[in-house]
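In what follows, a structure is listed as structure tokens, so that the remarks can point back to it.
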Amino acid sequence: MKRVVIEGSQWGDEGKGKITDYFSQKAKIVVRFQGGNNAGHTIVFNGQKYALRLIPSGIFHKGTTCVMASGMVINPEAFLEEVEVLKSAGFDTSKLMVSDRASVLFDYHRTLDGANERALDKGKIGTTGRGIGPCYTDKSARIGLRMGDLVNKTTLEKRLKNAVEFKNRELKSFGLEELNFKEVFKKYSALGEKMKPYVTDTATFLQKEVKKGTKILFEGAQGAMLCLTYGTYPYVTCSSPMANSIPLSCGIPCSSIDYVLGIAKAYTTRVGEGPFPTELFGDFADELRERGHEYGTVTKRPRRIGWLDTCVLRHAGAISGISGWAVTLLDVLTGVDEIKVCDKYVYEGKDVYTIPATLEEYEAYEPHYITLKGWKEDISKAKTFEDLPKNAQKYLKTIEKLTGIPIALFSVGPDRKQTVVLTDPFAD
Ligand code: GDP
Ligand code: IMO
Ligand code: MG
């Protein structure tokens, strides 16, 4: 297989960063294709922990080219800060490419994200506050700026003037201070200069590499249930984390994708508002949260905790054609006496196996569980499937059975080495 996708299959934070870093040793190129610094990807190796928000998790492997593709929304200040942190930690950032078609995320997008959330009040989405929604909104409204505009003073001036006019009307409607065009232009033309070395036509670059048969890893951010179209709308992000969106977001043919690795946490977490049928409350949820260190990488918010929901996994699997699962954080379930897995929902007395379009209906769904016996043995040093206690093996087999998708690997700790691969997605 030449082109492999790392896709979050739940509500984000499944361990995509860890798995991307692991397979980066095999890929020549690692590509982020959507989202922005709403993502928080944690990578642990050699006793060090790194958190990335924008830059692909392949950056730790010398010689790997990291591409930030056209579907992304990029805050140039946040990007340059991340580059500096990586450089000062001794990592090579010279092979970093930013698409000239990627959207520029401005300070005013963050201001408007906050204003929108305050206006929604009790109906707020619980966004990361990074301006993601307003930036994608401007892209769709055709008043956004792209990296190609940012690095060219003439186009920057023209397009920014237009954008500032629109944004001032919006800011005024919220009773917020209006922007001074000259100040905004000064700040962003300086940032544009600094971005210049990175900005290029990544679509043409990737097209050529696909033709050459180069091994490429695509790193998703967020997760299937946060997809703008197929997630729990409106409690979603504003892009599609599904593998389906890669060809368009990267500018490559649909036939480019060979293997989709669905990253699934052994239980479920969610940050922000919105429905979560298998959510747990009380002491047990608190215990799992502490054990799994389930606090947001970006916002430090405590993550909501729940049992594994295979309806959610089947939903992601059916839409993006997941080829195999990477089950992560399996070690966090060690010591739990009885583990529940949602196999279906019950709605108005009927069994339901799929995710409905409307929120109101989904909120009325009751999860149905099967109960499995847990294990007590330490699994954090497992190197093979057979090293796992029988009940942990059974748990993984149950996920395979309920989803009809095989387990390609499982993860038993945050470190790069705590990864057990059963099927290598890059194998021919
Ligand atoms: P991402 O957004 O999908 O990249 O995931 P995050 O990095 O936000 O959250 C996953 C968290 O789980 C991080 O703190 C990882 O270091 C950690 N992690 C990943 N895999 C494992 C695992 O198998 N076991 C444990 N205990 N932690 C893990
Ligand atoms: P990674 O890549 C978990 C959630 C927010 C909120 C909703 C919309 O680390 O898995 P946004 O700021 O995108 O407009 O917020 O989406 N969200 C995430 N939740 N992990 C993420 O990224 C997320 N990115 C956005 O909490 O509910
Ligand atoms: Mg995360």
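The values are calculated or read from the model by the stated rules, or taken from the named source; none is laboratory data. Given the structure is predicted, the values throughout are model-derived calculations rather than measurements. Glycine gets a Cβ as well: all are built from the backbone with ideal geometry, and neighbour counts include every protein chain shown. Accessible surface areas use protein heavy atoms only, side chains included; no ligands, DNA or RNA. Shrake-Rupley method; radii C 1.70, N 1.55, O 1.52, S 1.80 Å.
Taking the Cα centre of region 355-418 as the origin, how large is its charge dipole in debye, to the nearest 20, when only Lys and Arg (+1) and Asp and Glu (-1) carry charge on their Cβ atoms?
580
How big is the dipole moment of region 103-195 about its Cα centre under a simple scheme where the beta carbon of each Lys and Arg is +1, that of each Asp and Glu is -1, and everything else is neutral? Debye, nearest 20, please.
Dipole about the Cα centre, nearest 20: 180 debye.
Of V271, G404, V30, whose Cα points farthest to the positive end of the dipole of the chain (charges on the beta-carbon: +1 Lys, Arg; -1 Asp, Glu; origin at the Cα centre)?
V30
In the chain, what percent of the accessible surface is made up of carbon and sulfur (1.4 Å probe, ligands and nucleic acids excluded)?
52
Can you give me the Cα centroid spacing of region 32-62 and region 284-319 in angstrom?
So the separation of the two Cα centres works out to 19 Å.
Please give the FRET efficiency for N46 paired with Y233, using the beta carbon to beta carbon distance and R0 = 30 Å, rounded to the nearest 0.05.
0.15
What ranking of Y369, Y50 comes out by heavy-atom accessible area, probe 1.4 Å, highest first?
Largest to smallest exposure gives the sequence Y369, Y50.
Can you give me the relative contact order of region 386-428 as a percent, contacts being Cα pairs under 8 Å and 6 or more apart? Walk me through the numbers on the way to the answer.
Working: 28 pairs, mean separation 10.6, N = 43.
Reported relative contact order: 25 percent.
Count the net charge of all other residues whose Cβ sits under 14 Å from the Cβ of K397, scoring Lys and Arg as +1 and Asp and Glu as -1.
Charge balance in the 14 Å sphere: +1.
Under the 0.36 nm per residue contour assumption, what length would be gained going from the current alpha-carbon distance of K215 and K194 to full extension?
In short, 4.6 nm is gained.
Shape of region 1-105 from its Cα gyration tensor (a ≥ b ≥ c, root eigenvalues): rounded if a/c is under 1.5, otherwise prolate when a/b > b/c, or oblate? Spell out each step's value before the answer.
Numbers: a/c = 1.24, a/b = 1.07, b/c = 1.16.
Rounded shape, in that the Cα axes give a/c under 1.5.
Report the local net charge at K211: Lys and Arg +1, Asp and Glu -1, summed over other residues whose C-beta lies under 13 Å from its C-beta.
In short, +3.
To the nearest 20 debye, what charge dipole does the chain have about its Cα centre, counting +1 at the Cβ of each Lys and Arg and -1 at the Cβ of each Asp and Glu?
Using Cβ point charges on Lys, Arg, Asp and Glu, the chain gives about 1440 debye.
Kindly flag which residue pairs out of K28/K381; K167/K196; K122/K350; K373/K397; K373/K417; K18/K401 have an alpha-carbon separation exceeding 23 Å in this structure.
Details: K28/K381 29 Å; K167/K196 25 Å; K122/K350 31 Å; K373/K397 13 Å; K373/K417 27 Å; K18/K401 25 Å.
Too far apart for the 23 Å limit: K28/K381; K167/K196; K122/K350; K373/K417; K18/K401.
Report the gain in length on full extension from D283 to K208: 0.36 nm times residue separation, minus Cα-Cα distance, nm rounded to one decimal. Numbers along the way, then the final one.
On the way: separation 75, 0.36 × 75 = 27.00 nm, distance 5.33 nm.
My answer for the length gained is 21.7 nm.
How far apart, in nanometres, would the label points at S255 and Y347 be if each is projected 7 angstrom from Cα along the Cα-to-Cβ direction?
Simple spin-label model gives 3.8 nm for this pair.
Taking 0.36 nm per residue of sequence separation and subtracting the Cα-Cα distance, how much length would be gained by fully extending the chain between E338 and K153, in nm to one decimal?
60.4 nm
Is region 103-195 rounded, prolate or oblate when judged by the Cα gyration tensor, a ≥ b ≥ c being the square roots of its eigenvalues, rounded requiring a/c under 1.5 and prolate requiring a/b larger than b/c?
Details: a/c = 2.17, a/b = 1.72, b/c = 1.26.
Because a/c hits 1.5 or more and a/b exceeds b/c, region 103-195 counts as prolate.
How do H368, H293, H61 stack up against each other in accessible area, from largest to smallest, with a 1.4 angstrom probe?
Result of the area sort, largest leading: H293, H368, H61.
Can you give me the relative contact order of region 167-288 as a percent, contacts being Cα pairs under 8 Å and 6 or more apart?
Value for region 167-288: 17 percent.
In the Gaussian network model of the chain, springs joining C-alpha atoms below 10 Å, which of K139, K49, K344 carries the largest mean-square fluctuation?
K49
Can you pull the one-decimal nm distance between simple spin-label points at R169 and K87, each 7 Å off the Cα toward Cβ?
Result: 4.0 nm between the two label points.
Counting alpha carbon pairs within less than 8 Å and at least 6 residues apart, what relative contact order, in whole percent, applies to the chain?
Worked out over the chain, it gives 20 percent.
Note down the net charge around K2, summing +1 for each Lys or Arg and -1 for each Asp or Glu among other residues with Cβ under 14 Å from its Cβ. Don't skip to the end; give the middle numbers.
Working: positive: R3, K26, K28, K208, K211, K212, K215; negative: E209, D258, D424, D428.
In short, +3.
Take the Cβ-Cβ distance between S380 and Y295 as r, set R0 to 25 Å, and report the resulting FRET efficiency rounded to the nearest 0.05.
The computed FRET efficiency comes out at 0.75.
Rounded to whole Hz and in sequence order, give me ³J(HN,Hα) for region 67-82 from the Karplus expression 6.51 cos²θ - 1.76 cosθ + 1.60, θ = phi - 60°, writing x for Gly and Pro.
10, 10, 7, 4, x, 7, 10, 10, 7, x, 5, 5, 4, 5, 5, 5
Mind checking the per residue accessible area of the chain for me, 1.4 Å probe, whole number of Å²?
On the way: 18170 Å² over 428 residues.
Accessible area per residue: 42 Å².
List the extent of the Cα atoms of the chain along each of their three principal axes, largest first, rounded to whole Å.
65, 48, 38
With a ≥ b ≥ c taken as the square roots of the eigenvalues of the C-alpha gyration tensor of region 187-237, please select rounded if a/c is under 1.5 and otherwise prolate if a/b is larger than b/c or oblate if it is not?
Oblate shape, in that a/c is at least 1.5 and b/c is the bigger or equal ratio.
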